[in-house]
Every structure is written in C-alpha cells, then in structure tokens.
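Asker: Encoded as structure tokens, here's the structure I'll be asking about.
The values are calculated or read from the model by the stated rules, or taken from the named source; none is laboratory data. Keep in mind the model is a prediction, meaning the values are calculated, not measured. Using ideal geometry, Cβ is built from the backbone for each residue, glycine included, and neighbour counts are taken over all protein chains shown. With ligands, DNA and RNA removed, areas are computed over all heavy atoms of the protein, side chains included. Shrake-Rupley method; radii C 1.70, N 1.55, O 1.52, S 1.80 Å.
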Protein chains: 2
Amino acid sequence: MEPQWDDLRTVLALVRGKTLAAAAEALGVNYTTVARRVSRLETALGLTLFERLADGYQPTEAGLRVAERAAAMAAETDSLLRQLAGADARLSGPLTITAPQLLIAHVLAPSLKRFRETYPDVSLQVRATNDLLDLTRREADVAIRVSRAPGDTLKGLRLTEQHTASFATKDWADRIRDDPKGPHDWILFADHSDLPKSVQSAYPGARVRYRFDDMIAMAGAAQAGLGIVRMPMFLGRALPGLVQVPCLPPQSYADIWIVAHPDVWTGARVKAFRDILVPDMKTARPLFVA
Amino acid sequence: MEPQWDDLRTVLALVRGKTLAAAAEALGVNYTTVARRVSRLETALGLTLFERLADGYQPTEAGLRVAERAAAMAAETDSLLRQLAGADARLSGPLTITAPQLLIAHVLAPSLKRFRETYPDVSLQVRATNDLLDLTRREADVAIRVSRAPGDTLKGLRLTEQHTASFATKDWADRIRDDPKGPHDWILFADHSDLPKSVQSAYPGARVRYRFDDMIAMAGAAQAGLGIVRMPMFLGRALPGLVQVPCLPPQSYADIWIVAHPDVWTGARVKAFRDILVPDMKTARPLFVA
DNA sequence: CGCAGAGCATGCGAAAACGCATGCCATGGA
DNA sequence: TCCATGGCATGCGTTTTCGCATGCTCTGCG
C-alpha cells in the first residue's frame, strides 16, 4: 500500500534514462530489478506509471508526477550528503577531487603527494577529467577548474591567473627564427576560430595544418614536431622538447580556481586540502604567467 | 556507498519513535529490521547516527541531520500521494473518509449508503473517530468536522450550522415541568466549565452529578436516566428515549464542515462524495437547528 | 536483594529480492 | 529478405533481507 522510497527513486531513474537498461546502469542494479520495482510501485499505487512500448518505457502523466517528486527527494539526499561532508571534522576517510588531466599531471601531482603525506589517513580519490563534475550531486568534493568565475552556486578561491603562448619543438623554433616569413604549421583546437590576423600578417607563412579536439593529443603532436600549438604557459614549459615560439605573444587566459559547494567547503578534509594547495599554487605562480 | 532511501526513512522513524520497537511499529516491520537498516546506513555513510544506550537509540548530530532531510523527503511523498489522488479521475478504487462517530451513526450513515449505491466500484473506508486525522499525510481523503473553521491549509465547505440544547429522559422532562425548582441532575463534559449562571438562577435545584469525558457514554447515561445532558440538537433528537428539556435554551455550536486537502479536493471520488453529501446535509439541516 | 519489564543483540530458518540466461518482438540496414 | 541490434518479458537458482525466538543488560520497585 505505502510506496517504498527506493521504488520512487527507481521511477526517477527510468524516466531520466528512458530504458530499463539505462536506469539500471544509473542505479547500479540489473535491469530486471528496475522493471520489478516499477511494477511493484504501480501495484502499490494502483496506477500505471509507464506504457510498455516497443521502444522502451514511456512515462504516463502519473509517472512524470512521481519522477518530479522523486527528483525533489534526490535533491534532499544530495543536500544531506553535502551537509554531512561539510560537518565532518575527521581528517580520515575519503576525499574526492577533480581537475583537468593536464593540470594534475604537470602541476598538482606534487601537492597531492604532500597532502597524502601530511594527512595519511585521508584516502584521496582523484577524478582527472575535463568534464565539469556536478559538485551539487557530490560527484566530487573539490574541483580545480580553469574558468572565468567559480560558478553561481559554488564557493571558490582563485589560485592563480595564467597566460597562454605558442609552443613547438626546437626545430620549429630555429626555423622560425631563421626565416620568419617562411612556411610553418599550426595545430589548432577544433572549435577554435582561425589564426589571429596579427599572426597572419607577421608570419605570412603560417598555415593551419591540423585541428584536434583534445589538448593532450595536441601536446603530443607538438612534441612530435607536427607544428605549433597555443597552450597554457605551464603546459608548454612542462613538456619536454617544447620551447616557446614568438608567433603568438603571451596572452591572459582563464584563471585557475579551487571550488567546492558551500556546504562542503567547511569540511575538515576539504579545508586541509585547500591549506595544502593554496600556498603551493602561490609558489607555483611563476609557472603560469609570462 | 550510496545510501538507500528507505534507510533514510528508517532513521526518521527511529528518531521520531525513540526506540527500535516504536520505529518498527510505525514502519510496519520487525524491530530487528530497523536496527539492521540503521547499521547498514551507518556503514554506507561511515558515520555513527545513533548512540546505543541502555534506554534506547539516541541520535547523534549526524543522525538528526539525516532525520531532518528524511522528513523533507517524507513531505514530498505525502505531496505526491495527494497529487495523485487529486488527479485520479476514476470512480473506482479506495476512498477514505473520517468523521466523528456520533455524526456517522446518526446522520451520515444514509449518505454513505447512497454513495455506495451510486458508486458501487468505490470502496469506502470510514474512520470514525474524534481524533483529527492528518489530511496532509493522507490519513484520510475527506473529513467531516465540527469546528469553527476548516483549518488553515485545508479546503472546505460548511455543510450546516448546528445548535445544542439540553436533553433527558421523559421522566426528567416531566419532573422539571412539574417542579422547576426541584432537584435535578446534570451530566457535564469533563473539561467543560460549570453550569451557566442562568441555569442556576432559573433552576436552583440543578446539581452537577457526573462528569464524563466521552459524549457517547454521556448519551448512554442520559438515556439510562442519569440526568440532563447538553448535546447537539441532532443527537438529542436521534437518540430514542430522550426529549428536549427547557433548562438550557438552544444555543449555536460549532458548524459542520466537509474538508479535504486542496490537492485531494479535486479527485473524482472526493468530488463524487461531496456531491452526495452536500445536498443530503442541506436536506438534513432542520435536524441540526432549533 | 531479587524480580519483572523494557530494550537491544544475535543466530537461524523462511521469504523476498535479485542477477543471470534465454527467448520474443520490433526496427533498421545490407 | 535476412540478419543484427536494441529493448523487454519470463523462469530459475542464488543472494540478500526479513521475522522470530532466545538471551543479555539495565532500570525501577517491593
């Protein structure tokens, strides 16, 4: 008679995922379980929540209502988990951080090591991705982000500003020095616009040879001598085999922030992590600017 | 790792009920199940939610936070169930109503019968109690209530006003008529004040002989000839063996309302019930007034 | 001091929920 | 037309969850 709360949650997952398989994946159960829970809830409510069509489960009006309320409940659990994390005074247990892969690989790693040594009981989980994980849903406790602002609902500190510049192998650097008007190749980001006009006029030999959609691949391509890449200062300086080339003068780029949900910001482990990272990044500032 | 929603609900029940047994009772499960679910959630969260003391489970700070959020989730499910009931257009299925026992026994019963005959597919559950059931939590869909106003969050229609008067057996009525100054006995409601001064002066023989805390018992006592009872007009008129006595002139009393939560008010079965009851009570109005 | 009752922990067998394998059906491309 | 794919239903064996019975501890009372 009374609905089970986890069944409501299952309906939400099914409405969002459209198919039993997707909902099951999201919930971490077998898809038959999703089907059974939905049936059970329908029996309990005496209502049809989904039409079983050939191409999946289509929610009825009532099914949508259930999902709507379940979404509100999910927001409550998110809020709860954040609050518990924010009130947790222990310097032991899990802490999940996320940051762009390249930032971790070339800048943050030493800080992570220092954190680990300072707080050996904290088990640090690192999610290295360019995707913006949802800190509201606690996909991570803390994020290091490259952006203009920390985001509307998040709390943050600016760790440093940063510049970009053009980098290439020493080969290319020599060639450009010797013959600035001569031909040289650029590797551009896929969704970027063309080369700036200033480059075109100062270096008429500049040609866009490649377009990549991933900065790691671009960096590797630059190291392999495929051409010139505009990249963050810290990255060009950190990658062996690359030197700065004058084609594109340094220009300021999005700042680097440490952000967290306000609820979580106050958590002991989060605070400890900040206390390690903020001074480290202050020290590392020269790496980021021209 | 991820908490199960029904475990959150269990924590709420335990915080509210103080003991495993009380929580289990509220949830309709065995108390060992409550203990297990709480343990499981504590493991999942890595937190202690309750201190196991000799006299029961004492919630920790974290336990209270969980309960707080779970309460918000419970409010969501209540809201959902109300919405579903309010959107239900079917004239079949369950409908729960509540009303004071005496009102049902002596006034509403014929309307219930008529409703049952008009809508044979609706299974009517009647909760006859003087307790004010929580319509927000859907302890009933509709309530017939004796009160000055329908309540702040509820929607209602006034079915009729009503009067009270004094009733007793014909014996007493004769005696009072023959000797108004002579002794006669009153049965008062326990928490009521004393007899009005007007009665004292007009009938100096009036004495308070009994105090009851239940109107059904008082009515029976009056029928058994124990004395005079002030009661609603409809009740005195309906009870065999009782006649109105002039000791206490008719005075107006709280009105009779039909009320429901606004979400539920629009439901087909609720509307059908209103459509039966409102005209019936309009017809029955003479029973209630002097 | 002994006893009764309330409240909880634990162990065991029963019941429910679950995952997996299989089969059906519709769609879409070769 | 045939086949591959995606999506769902169903049956079966396993795992998990649950309820019940038993025993422990603490409190209050005569």
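Asker: With a length cut of 20 Å (Cα positions projected on each helix's long axis) and a Kyte-Doolittle mean of at least -1.0, go through chain B and give me the DSSP H helices that pass.
Answerer: B:31-45, B:61-87, B:268-288
Asker: Mind scanning B:Lys113/B:Lys170; B:Lys113/B:Lys155; B:Lys155/B:Lys282; A:Lys113/A:Lys282; B:Lys155/B:Lys271; A:Lys18/B:Lys271 and naming the pairs with a C-alpha gap bigger than 23 Å?
Answerer: Over 23 Å Cα-Cα: B:Lys113/B:Lys170; B:Lys113/B:Lys155; A:Lys18/B:Lys271.
Asker: As a test of the definition: with a 1.4 Å probe, what buried accessible area, both sides summed, do you compute for B against A, in Å² to the nearest 100?
Answerer: When B and A are taken together, about 2900 Å² of accessible area is lost.
Asker: Follow-up. May I ask you to find the residues of the range A:62-86 that are shielded by at least 30 Å² of accessible area once the whole protein assembly is considered instead of their isolated chain (probe 1.4 Å)?
Answerer: Going by heavy-atom accessible area, the residues of the range A:62-86 that drop by at least 30 Å² are A:Arg65, A:Arg69, A:Met73, A:Glu76, A:Thr77, A:Leu80, A:Leu81, A:Gln83, A:Leu84.
Asker: Enumerate the amide H contacts of B:Phe50 below 5 Å, restricted to partners 5 or more residues apart or on another chain; note that Pro and chain-start residues carry no placed amide H.
Answerer: B:Thr60
Asker: Estimate the FRET efficiency between B:Thr283 and B:Leu64 by the formula 1/(1 + (r/R0)^6), using the beta-carbon distance for r and 56 Å for R0, to the nearest 0.05.
Answerer: Values: r = 53 Å, r/R0 = 0.95.
It comes to 0.60.
Asker: Using only the Cα atoms of the range A:162-253, what do you get for the radius of gyration and for Dmax, in Å?
Answerer: Cα-based Rg and Dmax for the range A:162-253 come out at 11.7, 31 Å.
Asker: Taking every Cα atom in the range B:147-202, find the radius of gyration and the maximum pairwise distance Dmax, and write them in Å.
Answerer: Looking at the range B:147-202, its Cα Rg and Dmax stand at 17.2, 52 Å.
Asker: Still on this structure, I have one more. Would you kindly state how much longer the chain becomes between B:Leu53 and B:Asp214 on full extension, computed as 0.36 nm times their sequence separation minus their alpha carbon distance, in nm to one decimal?
Answerer: Difference between extended and current length: 54.0 nm.
Asker: Amide H of B:Ala206: which non-local residues (sequence gap of 5 or more, or other chain) have their own amide H closer than 5 Å, using H built in the peptide plane?
Answerer: B:His184
Asker: Just the C-alpha atoms of chain A: what Rg/Rh do they give, with Rh taken as the Kirkwood radius? Before the final figure, lay out the partial values.
Answerer: Working: Rg = 25.0 Å, Rh = 22.4 Å.
Expressed as Rg/Rh, it is 1.12.
Asker: Taking all protein chains as present, what is the carbon and sulfur share of the accessible area of the range A:5-86, in % to the nearest whole number, probe 1.4 Å?
Answerer: In the range A:5-86, the share of accessible area belonging to carbon and sulfur is 50 percent.
Asker: Also, I was wondering about something else. Are there trypsin sites (Lys or Arg not before Pro) in the range A:58-97 that DSSP marks as loop and that have at most 15 other Cβ atoms within 10 Å, and which are they?
Answerer: A:Arg90
Asker: In nm, give the distance between the simple-model label positions of B:Gln200 and A:Thr266, each being 7 Å from the Cα along the Cα-to-Cβ direction.
Answerer: Each label point is offset 7 Å from its Cα along the Cβ direction, giving 6.0 nm.
Asker: Among the lysines, which have Cα under 17 Å from the Cα of A:Lys181 when same-chain residues fewer than 8 positions away are ignored?
Answerer: Of all the lysines, those that pass the test against A:Lys181 - Cα under 17 Å, at least 8 places apart if same chain - are A:Lys197.
Asker: Something else now. From the backbone phi of the range A:230-238, what are the Karplus-calculated ³J(HN,Hα) couplings (6.51 cos²θ - 1.76 cosθ + 1.60, θ = phi - 60°) in whole Hz, Gly and Pro given as x?
Answerer: 7, 8, x, 3, 4, 6, x, 5, 7
Asker: Return a whole-number percent for the relative contact order of chain A, with Cα pairs under 8 Å and 6 or more residues apart as the contact set.
Answerer: Details: 498 pairs, mean separation 61.9, N = 290.
Worked out over chain A, it gives 21 percent.
Asker: One quarter of the convex hull surface, Cα atoms only: what value does that give for the range B:69-224 in nm²?
Answerer: In nm², the orientation-averaged hull projection of the range B:69-224 is 13.0.
Asker: Before I look further, what does chain B give for accessible area per residue, probe 1.4 Å, in whole square angstrom?
Answerer: Per residue, chain B has an accessible area of 49 Å².
Asker: If amide H atoms are built 1.01 Å from N in the plane of the peptide, which residues on other chains or at least 5 residues away come under 5 Å of the amide H of A:Ser123?
Answerer: Amide H neighbours of A:Ser123: A:Gly93, A:Leu95.
Asker: So, one more: What value in Å³ per residue do you get for the convex hull of the alpha-carbon atoms in the range A:51-133?
Answerer: Normalising the Cα hull of the range A:51-133 by residue number yields 138 Å³.
Asker: When Lys and Arg each count +1 and Asp and Glu each count -1, what net charge do the other residues less than 13 Å away from B:Lys155, Cβ to Cβ, add up to?
Answerer: Numbers: positive: B:Arg82, B:Arg145, B:Arg158, B:Lys271, B:Arg274; negative: B:Asp141, B:Asp152, B:Asp263.
Local charge sum for B:Lys155: +2.
Asker: So, one more: Give me the Kirkwood hydrodynamic radius of the range A:5-86 in Å, from all C-alpha pairs, to one decimal place?
Answerer: Evaluated over the range A:5-86, this radius sits at 12.9 Å.
Asker: So what's Rg/Rh here for the protein assembly as shown, counting alpha carbon atoms and using the Kirkwood radius for Rh?
Answerer: A ratio of 1.22.
Asker: How large is the helix-only mean residue ellipticity at 222 nm for chain B, computed as the sum of -39500 (n - 2.57) over DSSP H runs with n ≥ 4, divided by its residue count, in deg cm²/dmol to the nearest 500?
Answerer: Mean residue ellipticity at 222 nm (helix-derived): -13500 deg cm²/dmol.
Asker: Find out how many positive minus negative residues lie around A:Leu91, taking Lys and Arg as positive, Asp and Glu as negative, among other residues whose Cβ is under 15 Å from that of A:Leu91.
Answerer: Charge balance in the 15 Å sphere: +1.
Asker: Considering the options A:Gln83, A:Leu242, A:Pro100, tell which one lies farthest towards the positive end of the dipole of chain A, charges being +1 on Lys and Arg and -1 on Asp and Glu at the Cβ, about the Cα centre.
Answerer: So the residue furthest toward the plus end is A:Leu242.
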